[in-house]
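Let me begin by presenting the structure, written as structure tokens, before commenting on it.
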Amino acid sequence: EQLDQVHESNEIPDVYIVERLFSSSLVVVVSHAKPQQMNVYHFKKGTEICNYSYSSNILSIRLNRQRLIVCLEESIYIHNIKDMKLLKTILDTPPNTTGLCALSINHANSYLAYPGSATSGEIVLYDGNTLKTACTIPAHDGPLAALTFNSTGSKLASASEKGTVIRVFSIPGGQKLYEFRRGMKRYVNISSLVFSMDSQFLCASSNTETVHIFKLEHLTDSRPEEPPTWSGYMGKMFQAATNYLPAQVSGMMNQDRAFATVRLNISGQRNICALSTIQKLPRLLVTTSDGHLYIYNLDPQDGGECVLIKKHSLLGSGKTEENKENDLQPPLPQSYAATVARQSTVPSTSTMPGYSEDGGALRGEVIPEHEFATGPVCLDDENEFPPIILCRGGQPGKAKRS
């Protein structure tokens, strides 16, 4: 219904990177005024924890409870987030002008993915805990444009600069699990690629007005026999024909289409998407570069066109704009709300895979959601996280405490 502002600061001008460590008070900021310097802040206290300088401009930063990754155009720095010690520098990486990389939020594995080539879609999978390369994945023919892990770090999704095909791979093995076709008519720039927390859905947005949501499911061969219909007969014919067609054609016929879509009223703007559960109902959140946040309803069983529920302004007064077209429509039937609340469709929000400060992701166990939301990392007391034990200097591997 509304957005609550957590923090606002105008002390650093021209910020172009800001990353927050889950729900903690630790934020990492990079500004155009000092593009080679990373500043780590405790925003609730309004204090700087440390800062680091690098040899060239910082293009992206990723972090979880174990690692902090700094990506430059031709190198990657891996820090231990608890004391900011530099653990590893990956030098001479292929030119990565956009700073494309992904870090698993599950710090039990801390997998890092980044492009292995500037001309092809090769992915390098790196284990951020053992500091060794796990494997390389020949994901696409063309250069990579998007990478993202699911919440447990067991799946990795990727898209190339063409933006027509999205593939999902198993981690750490690198086997292809799914292949989705976003479109065929035109190439697009994928701006956002994200899994839902339960890894059931994968969302992709681009510089076009359409957002695609794919459902990760495998149809089994044990389905009941369909009644003999013309469409069913033709479907079986096409399925059989794929065995005799060229691999490129048969692969295209086997690619899954979008389960649900959103038609934005804007095109050409950069946007970021998230799949979330709000008040026990699945929602799609889209924020655009013009400063708006759109919240859409997602039907987890039937998919289809998502319905706009709320529109928030992130700039200026921050006022809420309701979907006036929705106000004229009859309310959704009660059966739908009951359907999406069922355990078989949406996992209970009372528990979800959690993280502990001692052992990382608890394999096969769950932590109450309130504990996960608050997180074991609390920066409101003097036992500050991360504890800075190094001091002086501003180069990677040496922290400067303010």
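Values for this structure:
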read-out: Separation of the Leu177 and Asp256 label points, Cα + 7 Å toward Cβ, nm; value: 1.0
read-out: Cα convex hull of the stretch 268-310 - mean projected area over all directions, nm²; value: 3.4
read-out: Separation in nanometres of the label points that stand 7 Å from Cα toward Cβ, at Ser23 and Gln36; value: 4.0
read-out: Summed side-chain charge close to Lys215 - residues other than Lys215 whose Cβ falls under 12 Å, Lys, Arg +1, Asp, Glu -1; value: -4
read-out: For the stretch 142-182, fraction of C-alpha pairs farther apart than 17 Å, in %; value: 25
read-out: Ile278/Ala118 FRET efficiency (R0 30 Å; Cβ-Cβ; nearest 0.05); value: 0.15
read-out: Additional length obtainable on full extension of the chain from Asn57 to Asp14, 0.36 nm per residue less Cα span; value: 14.1 nm
read-out: Farthest toward positive dipole pole in the stretch 11-57 [+1 Lys/Arg, -1 Asp/Glu at C-beta], among Phe22, Val40, Tyr52; value: Phe22
read-out: Lys, Arg +1 and Asp, Glu -1 on Cβ, resulting dipole of the stretch 105-198 about Cα centre, debye, nearest 20; value: 320
read-out: Stretch gain in nm, segment Thr136-Gln269, where the contour uses 0.36 nm per residue and the Cα spacing is subtracted; value: 44.6 nm
read-out: Accessible area (Å², per residue) of the stretch 90-131, counting only protein heavy atoms and a probe of 1.4 Å; value: 34
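The values are calculated or read from the model by the stated rules, or taken from the named source; none is laboratory data. Not measured: the values here are computed from a predicted model. Glycine gets a Cβ as well: all are built from the backbone with ideal geometry, and neighbour counts include every protein chain shown. For accessibility, only protein heavy atoms count, side chains too; no ligands or nucleic acids. Shrake-Rupley method; radii C 1.70, N 1.55, O 1.52, S 1.80 Å.
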